[in-house]
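A single structure is presented below for examination.
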Amino acid sequence: MRDPFPIAPIPALSAWIQPYADAFHLPTLPLHIHEVLGAAAFYTFVHTILSPIISNAFFSKYYPKNHRARKANWDAHVVSLAQSVLINGLALWTMYYDEERANSDWEQRVWGYTGASGMIQALAAGYFVWDLGITLLNLDIFGLGLLAHAVSALAVYTFGFRPYLNYYSSIFILYELSTPFLNIHWFFDKLNMTGSKPQLYNGIALLVVFFCCRLVWGTYQSAVVYVDMWKAVQRGPDAGYIAAAFEKASGVDKNLMHFAKDAGPVPVWLAVTYVASNLTLNTLNWYWYFKMISAVKKRFEPAKKEKAAVPAGGKGTGNVATGAMVGEKQGLRQRAHSIEDVVPDSEELRQGTIQ
């Protein structure tokens, strides 16, 4: 499928980036540089202009306009919400309509290229360009952990312009299916809706989607890509296969292996880098999910201790006060159970590189 982005490559931008693309072996980058920079500019616009306008108009009571750190964090969540909804929709659309991509064999999954998958990769890279920029400008707020995440994520998506695993750009972006629910959960906290039914329902959806898209889908697809990469490290694409492909169709829009004509085996360093990044993310996904589950168990233990602190049949104010004091000394708070007990704070999740 051709790149469905409504704006064609800009010759001046393509010419500007061409020397860098040649130097770093990124032949498809000139075809998508306008999308990378366009996405980065769009998310910068959302962060600096659109989010303040909308937030002041509809949530002026809660929007921390006079607190730099909280404002930056709020605006970053607005961008994350917008990006996750947009990129998920486009990735699902691409996977459904891109027939060339759907019919790819293992060689095409590793070295092949379609314009639609290239667009997904470029828009994701543009988001991480914005992410890197905003993190550097607010390093004291977001910290070195998020800086490392932004750098590594941008590097992984940049490798795709070799092209490398272009097929999987849409697959792994679906990790983001849980991100809208995570951001909505965060906004419920800021709008003083912690423990409300809407947050409960959203939290249940978060847990279910997180499990399905990150743990089930993500782990399975990781195993598939490892198998493809193992084959690709052993040998390059078959020369006869590529020659036959070029006989049937020529041009970047018709031949998935257009950029693999002179490709060799995947460098070991590239495969190792990709596997290490993927394993790190998958490990974090499992870690955070089990932390969510353990939070449920821990939340019920304090409730039992509090109940035991008040003697049975104790109706006098003295007994109640004593029980309250014991509970307070033990650091226990009596409140209704909510999804907040199940889901770790979103700032902890962000520090865990879950975006």
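The values are calculated or read from the model by the stated rules, or taken from the named source; none is laboratory data. In this text the structure is predicted, and so the values were computed from the model without any measurement. Here Cβ is always computed from backbone atoms with ideal geometry, including for glycine, and neighbour counts include all displayed protein chains. These area figures cover heavy atoms from the full protein model, side chains too; ligands, DNA and RNA do not enter into them. Shrake-Rupley method; radii C 1.70, N 1.55, O 1.52, S 1.80 Å.
Here are some residues: Ile87, Ile49. Which one is open to solvent by less than 10 Å² (accessible area, probe 1.4 Å) and of a type outside the set (Phe, Trp, Tyr)?
Ile87
Quick one: would you say Leu132 is of a type in the set (A, V, I, L, M), under 12 Å from the mean Cα position of the chain (by Cα), open to solvent by 20 Å² or more (accessible area, probe 1.4 Å) and under 19 Å from Gly38 (Cα atoms)?
Against the criterion (of a type in the set (A, V, I, L, M), under 12 Å from the mean Cα position of the chain (by Cα), open to solvent by 20 Å² or more (accessible area, probe 1.4 Å) and under 19 Å from Gly38 (Cα atoms)), Leu132 does not qualify.
Next up: Where in the range 50-133 are there helices (runs of 4 or more DSSP H), lying fully within it, with 3 or more residues that are among the hydrophobic types (A, V, I, L, M, F, W, C)?
On the way: elements: 51-58, 68-97, 99-102, 106-111.
Answer list for the range 50-133: 51-58, 68-97, 106-111.
Right, Ala102: touching a Phe, Trp or Tyr at 6+ places or on another chain (Cβ under 9 Å), open to solvent by 50 Å² or more (accessible area, probe 1.4 Å) and either under 20 Å from Val225 (Cα atoms) or of a type outside the set (Asp, Glu) (or both) or not?
Values: touching a Phe, Trp or Tyr at 6+ places or on another chain (Cβ under 9 Å): yes; open to solvent by 50 Å² or more (accessible area, probe 1.4 Å): yes; either under 20 Å from Val225 (Cα atoms) or of a type outside the set (Asp, Glu) (or both): yes.
Answer is yes for this residue.
List every residue pair whose Cβ atoms lie under 7 Å apart, where the two residues are 6 or more positions apart in sequence or sit on different chains, the first residue falls within the range 251-262 and is under 13 Å from Ala116 (Cα atoms), and the second residue, located anywhere, is basic (Lys, Arg) and open to solvent by 30 Å² or more (accessible area, probe 1.4 Å).
Asp253/Arg2
Moving on to the next point. For the range 237-250, name all the residues that are without any contact (Cβ under 8 Å) to a residue 60 or more places away in the chain and either open to solvent by less than 30 Å² (accessible area, probe 1.4 Å) or not acidic (Asp, Glu) (or both). I'd like the intermediate steps shown before the answer.
Looking only at the range 237-250, we keep the residues that are without any contact (Cβ under 8 Å) to a residue 60 or more places away in the chain, and these are 239-240, 242-250.
Within the range 237-250, Ala239, Gly240, Ile242, Ala243, Ala244, Ala245, Phe246, Lys248, Ala249, Ser250 qualify.
State which residue is most open to solvent (accessible area, probe 1.4 Å) when the search covers only the range 1-26 and only residues that are under 25 Å from Trp93 (Cα atoms) and in contact (Cβ under 8 Å) with a residue 40 or more places away in the chain.
The extreme case among them is Arg2.
Looking at (1) at pLDDT 90 or above; (2) surrounded by fewer than 23 Cβ atoms within 10 Å (Cβ to Cβ), which one does Leu154 not meet, given that it meets all the others?
The one condition Leu154 does not meet is (1).
Right, here's the next one. Can you say whether Gln199 is touching a His at 6+ places or on another chain (Cβ under 9 Å) and under 30 Å from Lys261 (Cβ atoms), as far as the supplied structure shows?
For Gln199, the condition - touching a His at 6+ places or on another chain (Cβ under 9 Å) and under 30 Å from Lys261 (Cβ atoms) - is not met.
Across the range 180-205, which residue is farthest from Asn73 (Cα to Cα) among those that are open to solvent by 60 Å² or more (accessible area, probe 1.4 Å) and among the hydroxyl-bearing types (Ser, Thr, Tyr)?
Only one residue tops the list, namely Tyr201.
Quick one: in the range 31-82, of everything that is charged (D, E, K, R) and at pLDDT below 95, which residue is farthest from Phe5 (Cα to Cα)?
In this case the residue turns out to be Lys61.
Tell me, yes or no, whether the range 114-129 has at least one residue that is open to solvent by less than 40 Å² (accessible area, probe 1.4 Å), within 14 Å of Val156 (Cα to Cα) and among the aromatic types (Phe, Trp, Tyr).
Within the range 114-129, one or more residues are open to solvent by less than 40 Å² (accessible area, probe 1.4 Å), within 14 Å of Val156 (Cα to Cα) and among the aromatic types (Phe, Trp, Tyr).
Which helices (runs of 4 or more DSSP H) does the range 178-266 wholly contain that include 2 or more residues that are at pLDDT 90 or above and either within 30 Å of Pro9 (Cα to Cα) or not acidic (Asp, Glu) (or both)?
Numbers: elements: 179-190, 197-209, 218-234, 239-248.
Hits in the range 178-266: 179-190, 197-209, 218-234.
If you don't mind, there's one more thing I want to ask. Please determine whether any residue of the range 145-158 is in a helix (DSSP H, G or I) and over 16 Å from the mean Cα position of the chain (by Cα).
No.
Does Phe42 count as open to solvent by 40 Å² or more (accessible area, probe 1.4 Å), among the hydrophobic types (A, V, I, L, M, F, W, C) and within 24 Å of Val79 (Cβ to Cβ)? Walk me through how you get there before you give the answer.
Working: open to solvent by 40 Å² or more (accessible area, probe 1.4 Å): yes; among the hydrophobic types (A, V, I, L, M, F, W, C): yes; within 24 Å of Val79 (Cβ to Cβ): yes.
The answer is yes for Phe42.
Could you grab me the full set of residues in the range 131-143 that are closer than 20 Å to Asn278 by Cα and without any contact (Cβ under 8 Å) to a residue 24 or more places away in the chain?
Leu132
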